[in-house]
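Just below is one structure, and these are the notes that go with it.
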Amino acid sequence: MEGEHKSQKLSSFYESGVYSFDDSNAVFVDSVRVLNRFYHRFSVSPSAYYSRFFKTQTTPNAVSSTVTLSLRKRKRKRRESRPLNERELIALQRHQEARPLLLAAHECLLKSTEVLNALKTLKSEPSCSTKEYDGGQRSFVDLGHVAPQLEVTLSLRVSDNDADPHPLPKDLDDLPSGQCCVEKVLRAFNNLVANDTQDDAVAKILSNSYIMPRESCFYMSDLGQIRNLIPAHADSGFNLIMVDPPWENASAHQKSRYQTLPNRYFLSLPIKQLTHTEGALVALWVTNREKLRCFIEAELFPTWGVSYAATFYWLKVKENGSLICDLDLFHHRPYECLILGYSPGKVNNTDNLSEFKPVKNDRVIMSIPGDYSRKPQIADLLLEHVPGLKPPRCIELFAREILAGWVSWGNEPLYFQDSKHFVKKMIQ
């Protein structure tokens, strides 16, 4: 019976990308498998998604980099011998409280040979073949300033009955019977671009192609235009609001990858106006800087009108199951936090409200990290805690990728949708 139970759980993991450990508050998430549930003609390439852990480490430059990083850590440890200040002491206390949860979760993973064996197969799965993954990317931030009228050509697969009078010839795209390809030319910036079909769509901007999953849309703009997403009526608002702010970071390496914003800018996010009549679950990603945690508790959530509910932990592991760095490394913990809270709606005590489970504290989510700033795919873990509509209306703020069934807003929501991150499936 135990062997059959493990086999069923592993089969479910291969299908869903989520593995829940028995008698534990911990889960393992393979974001590639999660994402690929929502693509038909394309699939996310593991070698592109997990690029940091697929790079060969045998070259002299790689060895030199490793040695340099080790020396930096040693110097940092020597500098940290000074007494901790008050804020650092609070941060240390938070870490000590989370430490047993993280260790217990990691122990579950290390004992799960079936999950560890599954991770070993990632490198054998299809890789990007048309473009070499190099981390380079066209800057939509720059384009938004120099070419605000830039257009996107959206190629959609629709049924013959729903097609425009002049669809593209079928032989151009090897379309199955009953389908045709329709192109729409839309403004790329300050405009809601939607793939409202049940199939993947290809968005072309200049010389680049971007893959959109089914029933997804994006709004690409700077922070000054976000209020254009506020619905005319609250019952068209959102029940799940994910926020991944570009927190200020002293790392020059991080600054070279994406723009950051001072904390005060996040106070202006219209969370109340985006909230559905029946309320919303708000999920906020944050690093381990105590300054940010204090800002969220004292200013950000109160300004948004959000009441704190729980904290989840994202524990980052390598493909062999080990942590990406020492758990107790003071300035570089191998985990981040997801702060959860509820934004109240305008309707209370109504029979129309759907039931939802109150979110539980201290859940640990383990995964192999993707590229810098990319978060694990955890929507499945949140849905049962979302009030209101089923399925819920979902939005991600400061998004750098597009999810099926979601609205993705930010100044570069297509960043991880570049076709170089995908492999085209051999299907018709």
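The values are calculated or read from the model by the stated rules, or taken from the named source; none is laboratory data. The model shown is predicted, which means the values in this text are computed figures rather than measured ones. All Cβ positions, even for glycine, are placed from backbone atoms using ideal geometry, and neighbour counts span all protein chains on display. Side chains included, ligands, DNA and RNA excluded: accessible areas come from the protein's heavy atoms. Shrake-Rupley method; radii C 1.70, N 1.55, O 1.52, S 1.80 Å.
Observations
- Accessible surface, per residue, of the range 201-283 when the full set of protein chains is kept, probe 1.4 Å, Å²: 41 Å²
- Too-long pairs where the Cα-Cα distance tops 28 Å, listed order kept, from 123/424; 360/424; 9/318: 360/424
- Applying the criteria of a DSSP loop state and at most 16 other Cβ atoms within 10 Å to the GluC sites (Glu not before Pro) of the range 239-326 yields 248, 319.
- Between residue 8 and residue 185, the simple spin-label model (points 7 angstrom out along Cα→Cβ) gives 5.6 nm.
- Here the 3J(HN,Hα) profile of the range 290-296, calculated from phi with Karplus coefficients 6.51, -1.76 and 1.60 at θ = phi - 60°, is 5, 4, 6, 4, 5, 5, 5 Hz, Gly and Pro shown as x.
- For residue 223 and residue 103, a Förster radius of 41 Å and the Cβ-Cβ distance give a FRET efficiency of 0.60, rounded to the nearest 0.05.
- Shown are 289, 400, whose ranking by accessible area with a 1.4 Å probe and every protein chain present, most to least, is 289, 400.
- Restricting the GluC sites (Glu not before Pro) of the range 325-415 to loop positions (DSSP other than H, G, I, E, B) with no more than 11 neighbouring Cβ atoms within 10 Å leaves 355.
- Gained length - residue 236 relative to residue 362, 0.36 nm times residue gap less alpha-carbon distance: 42.2 nm
- Protection-proxy order for peptides 3-13, 206-216, 366-376, each taking the mean of Cβ atoms within 10 Å per residue, highest first: 366-376, 206-216, 3-13
- Inter-probe distance in nm under a simple model that places probes 7 Å from Cα toward Cβ, at residue 261 and residue 96: 3.6 nm
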